[in-house]
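Reviewing the structure listed below.
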Amino acid sequence: MAGPLRRAAAGLLVLATGACGGCASVTPTPTSRALAVWNEHAQAAHASQPAVQGARLTLTVDQAVARAVAHSGEAAVLRAQARARRARGDAEAAPPNPELRVTNVRLDRLHAGSPTLDAALRFRFEPPGTLAAARDAEHLEGAALEAEAATAELEAAAEVRRLFSLATLLGEAAAVSEAEAQLYERLLAQLEAAAARGRAVRTDLAGAALGRADAIAERHAVATRRAEVLAELRRHLAVPPGTELELVAPEPAAAPVPELARADDQAVAEAALTARPELAAAAARVARGEALVGGTRWLAWPRLGFAQLGWERTRDDDPFAFAVGVALDLPLFDAGGAAEAEARAQLAAWRAEEEALALQVGQEAIAAARRVRAAQARLAFIDETLTPAAEQAQAASEAAEAVGAEDPSDRARAERQVLRARRARIEALLALSEAVAAFERAVGGAGR
């Protein structure tokens, strides 16, 4: 006996050593995993992006939107969760596996020559309709998550369009600030020359210097804001580190306005209620609630719990002693009422959410359309009234200067009015771009 015992002890020692070695193996920490994901993504972006030439990424607005949608991490997570819910539904729809149950094993009676053994092959049954209801509920939750993924992509597209327009228009605003700073530089040089000849006062020089300082400060503020917008845009576009981003945009004057924004309120609301993916998600959850309610209706009925084919074996008995058994489950107290009440309460909550969301979506779309129309009216006023008046004043100032009847300060004032009109137009275009982006988000992309 000593030999077998020693061999058994050695085997147990080997198993314990292997288990401890497995426990001591190095597992990746969350930090190392995050770094690995980041490096892998950066390498894939450099290798698979055809628009990257050297260290420059050149994109139009449509290319930027497509790239942002393709790199939307939130949408990818939601779609992965949707696939998981559908897989769970398929698993829950599968009937239970048969079980082999071995009971009443009496080896202690081996010395008497009469050991016993009971074995049974058991088949379990679920209440009718519950498997299908569970499968449908999970599949519908997967559909709701798919709709949420579409919402995430829609929001990413609208945000990238907004940031793209903002970056482009801020570039125009920086050019205006630069022109204003140069204007004050010229005015200051003219006033200094006039002061040297005794034809200008020091207060004019101080005013020009202050205007130049203000213009330079505005130029820096615009550049800082544009850098912030570009940084946010790079984040949405998943631009690899070290890659320069170049935007190819049309002239800001051609700001696209959806035709739907000019339609009446009812048409705008109907388009939003048809296209918004959040409503599809809410409808899927209502359908899921109905499936859950349907799955509880069978809980009050008697049902076959399981059926089994058994076999009992003893030395003295017939070796072919078979038995067939069934179990009939009959609810006595609850009868499924609590489960049905819970499912109906959840269904009522999802229906209320769907109704509230429908009203909210309609009102959001109407408000967004009106905001677009107001921004258009402001831009039209600037183009039709403010800009022509500033240009006429500048033309009159140039004519007066040609005949020697214009003071340099008056000429600079007229030029400043033209620059301010340009800045006002850029601000109006910014407001219009913001309004259009919000409108496209409010109508679920139906306005494009």
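No value in this document is a laboratory result; all are computed from the given coordinates. These figures come from a predicted structure and were not determined experimentally. Please note: Cβ atoms are built from the backbone with ideal geometry, for glycine as well, and neighbour counts cover all protein chains shown.
Miscellaneous remarks
- Modelled this way, with points 7 Å down the Cα-to-C-beta line, the labels at residue 330 and residue 132 are 2.7 nm from one another.
- Sequence-distant residues sharing a close amide H with residue 60 (under 5 Å, placed H): 248
- In plain terms, the chain from residue 389 to residue 155 could stretch by 80.3 nm, reckoned as 0.36 nm per residue minus the Cα-Cα distance.
- Label-to-label distance, nm, for residues given as residue 124 and residue 351 (7 Å Cα→Cβ offset): 3.3
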